[in-house]
Amino acid sequence: MGEVEKTPKVEGCQAPRASVTRPRLKAPAGSTDCHFHIFGPHARYPLSPGRRYTPPEATVGQYRALAATLGIERMVVVQPSIYGTDNACTLDAVAAFGQERARAVAVLDESANAPQLRRLHEAGVRGVRFNAVSGNGTPLEQLQTLARRIAPLGWHLQLYVHGEQLLELAPRLPGLGLPVVVDHMGGISSEKGVGNPEFRALLGLMEGGRMWVKLCGYRSSAAGYPFRDVAPMAEALITAAPERCLWGTDWPHPSYMKTMPDDAELLDLFGEWAPSTGLRRRILAENPVVLYGFPPVTADCSKA
């Protein structure tokens, strides 16, 4: 578990949609996209030779246009596997957006020392990602070591794993002593249903009090676009712990080779999972304040 191929096959990657529709859902003040990536410019940020896919560029300017269309005011840039532990592109993106509205989740390994972690904190990092799906990152065996290192900073761990890996990890996670965020609704396929052991393990962790989940569920869809089959899973997670659910686009949807999502439709789909105004505000705006340390939500966070 956690072992990375030494010579991974590098695959191509679709570009995101050139334009998206406008969502029906009006995003509340302070709405936060808690999961997306910035790629490039490639000439400035070299791709890691250990990567498993090669994406087209997806720049800060392109994301700003998407955020404006969706009504997103705050954002969390997640370090992608194509850069390994070189977080330069992600950190520069946070600086471009401004820390009043942006945070980062980095990829590190156990060589990171206290001064380096402090500098990353000052640059807007609030979590460390372990990616056991795309690889080219930190092995899961380093969870305990990095948990101890980042705990004084108030950071969290973020896990992108397959459902069967989550089932295996579940007994260990509460003992890490800090919040753990699970990407992509646990990497559990919708065709397995909400009663399967993997999903029950995720629900049990959510009910335990320190686990968070990203309701970025299109990758869990067995049916594919428009991804409505993930609704029972998303609704079960929201019911279990609405105070620890987050939402993200996963733009520009790297290494996804089926019908490309329309991010406005993804936001509207979330609105169906969370039908009340209060629930949407909690997940889109208030929960990110707690986890990422954003300033409290005001009537107009875009002017914060």
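The values are calculated or read from the model by the stated rules, or taken from the named source; none is laboratory data. This one's a predicted model, so the numbers in the text were calculated from it and none came from an experiment. No Cβ is skipped: glycine too gets one built from the backbone with ideal geometry, and neighbour counts run over all protein chains shown.
Worth a mention:
- Flag if LEU108 is buried (at least 17 other Cβ atoms within 10 Å of the Cβ), modelled with pLDDT of 95 or more and assigned to a helix (DSSP H, G or I): no
- Residue among THR90, THR59 that is under 27 Å from LEU143 (Cα atoms) and in contact with a Phe, Trp or Tyr (Cβ under 8 Å, 6 or more places away or on another chain): THR90
- Residue check, ALA93 surrounded by 19 or more Cβ atoms within 10 Å (Cβ to Cβ) and over 15 Å from the mean Cα position of the chain (by Cα): yes
- Hits in region 150-178 - residues which are β-branched (Val, Ile, Thr) and more than 23 Å from GLY217 (Cα to Cα): ILE150
- Residues located in region 57-75, provided they are among the polar types (S, T, N, Q) and not in a helix (DSSP H, G or I): THR59
- Among the residues making up region 217-268, those that are modelled with pLDDT of 95 or more, more than 22 Å from GLY195 (Cβ to Cβ) and of a type in the set (A, V, I, L, M, F, W, C) are LEU246, TRP247, TRP251, MET260, ALA264, LEU266, LEU267.
- Candidates ASN136, ASN131, filtered to the one that is crowded, with 20+ Cβ neighbours inside 10 Å, at positive phi, of a type outside the set (A, V, I, L, M) and in contact with a helix residue (DSSP H, G or I) (Cβ under 7 Å, 6 or more places away or on another chain): ASN136
- Where PRO41 falls short, out of the listed (1) more than 20 Å from SER255 (Cβ to Cβ); (2) in a loop (DSSP other than H, G, I, E, B); (3) not aromatic (Phe, Trp, Tyr): (1)
- Unmet requirement for SER19, which otherwise passes all of (1) farther than 19 Å from LYS214 by Cα; (2) among the small types (Gly, Ala, Ser); (3) not in a loop (DSSP other than H, G, I, E, B): (3)
- Among residues of region 51-74, those that are surrounded by fewer than 18 Cβ atoms within 10 Å (Cβ to Cβ), hydroxyl-bearing (Ser, Thr, Tyr) and touching a strand residue (DSSP E or B) at 6+ places or on another chain (Cβ under 9 Å), counted: 2
- Residue within region 182-200 that is surrounded by fewer than 14 Cβ atoms within 10 Å (Cβ to Cβ) and among the polar types (S, T, N, Q) present: no
- Being touching an Asp or Glu at 6+ places or on another chain (Cβ under 7 Å), within 21 Å of LEU205 (Cβ to Cβ) and surrounded by 14 or more Cβ atoms within 10 Å (Cβ to Cβ) is true of GLY163.
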